[in-house]
Amino acid sequence: METEKNKKDWAEDPYKLMLALVFYIAGLLVVAVVVFFCVRLSQKKRAATLVSLEKQQEMTEDKTNDSGESLEGADKTTEWDFEQNLGASYQRESLSGEAMGFDEVWGYVMAKREEEFDYDMPISDIGYFSADVNAYGELEVLNLSDNFAAFSGRVHLVSTCESRSLTHFVLDPSYPVRDRLVKSLIAAAANYDGLQIDYELVPARDGKNFLDFLTLLKKGLNGKILSVALPARIKTIKGDVYSYRDIAKIVDKVIVMAYDEHWSTSEPGSIASMPWSKKVGEYSASVIPSEKLVMGLPFYGRTWGDFTTNKAYYFSGINRLMSENNIHSVERDEGVPFFKFKKEIDITGYFEDEKSLVERTRLYKDLGIKNLAFWRVGQEDSEYWKWLEVSGAE
């Protein structure tokens, strides 16, 4: 009876009914808020867990290489033990075998970097680089360095000419430059054991002039060694200004620069791949007498990037570059527009180390090549030297 009376009172009193509805709605809101915050908290915890798992996975991937071997600590330069790895930023591979002997081992040494040469290096001949021909066809004299005073081997003055047009004028006998340069070269070689010509830009129509130039030098050197550095070839080229066969008849030594198979503006690749080196060695040995042939090896490496902007642009080109990289505003430097953006690039690098050098040296040894040359001293993996000996000519 009391319950029915209360219901009647609630129904007849609108204020009581409204108050009940307010309490009801407030209760629903409280429940909704509690549920909302519980869900949000759960989402945050789940997100934090996922991030933690991802970081752990990344750390695991960083600490292993493609073979699944541990590389923990290798990604931190400060923790990598260069001394333990003999100067390498990677794990060296062990090598077996014995040192290889060659009659002559030439090493190029740069002027003003003479300190990179060490008397303990197994080198019989130094190519001192370089006495260049200046814009007036004059020889920039390079005096013999005191750094070689105690060197028991031979030191050769290397002359260069870094311009194709200038090379033509110093080789063409119709100009007085040639004979003057010949005299200067002979005089400059007086304090050396020999003279080397490293003219890598001989024009196509100056082939005979180059041979005549070398002939004049050979006569004027009065018994000193005349050597010449020539670019790599894998076959005879018709009309080649660097004919191995013809040049070898004149000079005492032919240094074959068996490197730069790939260069700074080419596609990425080895400075001297093994198959290519073998072809160069086989061809060289077939046309150059063994006592005259000196096979050149590289000590250096190169890197290539898949994106470069270091060039001049049309207005349309530079705006296309901006658009491709989502640049749609510029700043002004005293009225001149400029912009900046960051871009991820892929870097590819090829270089020489102990293993590759030993493999290439063995390759040339197997081809019967007796003499080697290296460009250049100071760039090498020093671990290579222990594999080399100067045996001297028999």
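The values are calculated or read from the model by the stated rules, or taken from the named source; none is laboratory data. Keep in mind that this is a model prediction, so the values were computed, not measured. Positions of Cβ are generated from backbone atoms using ideal geometry, with glycine treated the same way; all protein chains shown enter the neighbour counts. Surface areas here come from the heavy atoms of the whole protein model, side chains and all, with no ligands, DNA or RNA. Shrake-Rupley method; radii C 1.70, N 1.55, O 1.52, S 1.80 Å.
Key figures
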{"item": "Any chance V141 is at pLDDT below 95, within 23 Å of V182 (Cα to Cα) and in contact with a helix residue (DSSP H, G or I) (Cβ under 6 Å, 6 or more places away or on another chain)", "result": "yes"}
{"item": "Residue within the stretch 359-372 that is in contact with a strand residue (DSSP E or B) (Cβ under 8 Å, 6 or more places away or on another chain), among the aromatic types (F, W, Y), over 16 Å from P122 (Cβ atoms) and open to solvent by less than 90 Å² (accessible area, probe 1.4 Å) present", "result": "no"}
{"item": "When residues of the stretch 219-242 are limited to those that are charged (D, E, K, R) and crowded, with 16+ Cβ neighbours inside 10 Å, the one farthest from the chain's Cα centre (by Cα)", "result": "K224"}
{"item": "All positions within the stretch 228-271 that are under 20 Å from F299 (Cα atoms), among the β-branched types (V, I, T) and touching a helix residue (DSSP H, G or I) at 6+ places or on another chain (Cβ under 9 Å)", "result": "V228, V254, V256"}
{"item": "Pair list, Cβ under 8 Å, 6 or more apart: the stretch 259-271 residue touching a residue at least 24 places away in the same chain (Cβ under 8 Å), other residue polar (S, T, N, Q) and open to solvent by 60 Å² or more (accessible area, probe 1.4 Å)", "result": "none"}
{"item": "Test: D103 is open to solvent by 70 Å² or more (accessible area, probe 1.4 Å), at pLDDT 95 or above, acidic (D, E) and more than 30 Å from L181 (Cα to Cα)", "result": "no"}
{"item": "Search result, residues across the stretch 262-283 that are under 15 Å from the mean Cα position of the chain (by Cα), of a type in the set (S, T, N, Q) and open to solvent by less than 50 Å² (accessible area, probe 1.4 Å)", "result": "S266, S270, S273"}
{"item": "Residues (small (G, A, S) and within 21 Å of the chain's Cα centre (by Cα)) located in the stretch 287-346", "result": "G296, G301, G305"}
{"item": "Tabulated pairs, the stretch 296-325, first closer than 29 Å to E383 by Cβ, second exposed (fewer than 11 other Cβ atoms within 10 Å of the Cβ) and of a type in the set (A, V, I, L, M, F, W, C), C-beta under 7 angstrom, 6+ apart or interchain", "result": "T303/I347; G305/I345; G305/I347"}
{"item": "Some residue of the stretch 328-339 being closer than 20 Å to G107 by Cα, touching a residue at least 12 places away in the same chain (Cβ under 8 Å) and in contact with a strand residue (DSSP E or B) (Cβ under 8 Å, 6 or more places away or on another chain)", "result": "no"}
{"item": "Among residues of the stretch 149-200, those that are crowded, with 19+ Cβ neighbours inside 10 Å, touching a helix residue (DSSP H, G or I) at 6+ places or on another chain (Cβ under 6 Å) and in a loop (DSSP other than H, G, I, E, B), counted", "result": "2"}
{"item": "Residue satisfying all of: in the stretch 284-313; in contact with a helix residue (DSSP H, G or I) (Cβ under 8 Å, 6 or more places away or on another chain) and either hydroxyl-bearing (S, T, Y) or assigned to a helix (DSSP H, G or I) (or both); surrounded by the most Cβ atoms within 10 Å (Cβ to Cβ) among these", "result": "S284"}
{"item": "Pair list, Cβ under 6 Å, 6 or more apart: the stretch 376-390 residue at negative phi, other residue among the aromatic types (F, W, Y)", "result": "R376/Y108; V377/F117; Q379/F299; Q379/Y300; E380/F299"}
{"item": "Test: residue in the stretch 314-326 that is part of a loop (DSSP other than H, G, I, E, B), open to solvent by 30 Å² or more (accessible area, probe 1.4 Å) and either closer than 28 Å to E359 by Cβ or not aromatic (F, W, Y) (or both)", "result": "yes"}
{"item": "Qualifying residue in the stretch 201-208 (condition: open to solvent by 30 Å² or more (accessible area, probe 1.4 Å), in a loop (DSSP other than H, G, I, E, B), in contact (Cβ under 8 Å) with a residue 40 or more places away in the chain and in contact with a Ser or Thr (Cβ under 7 Å, 6 or more places away or on another chain))", "result": "yes"}
{"item": "Y108 within 25 Å of the chain's Cα centre (by Cα), at pLDDT 55 or above and open to solvent by less than 60 Å² (accessible area, probe 1.4 Å)", "result": "yes"}
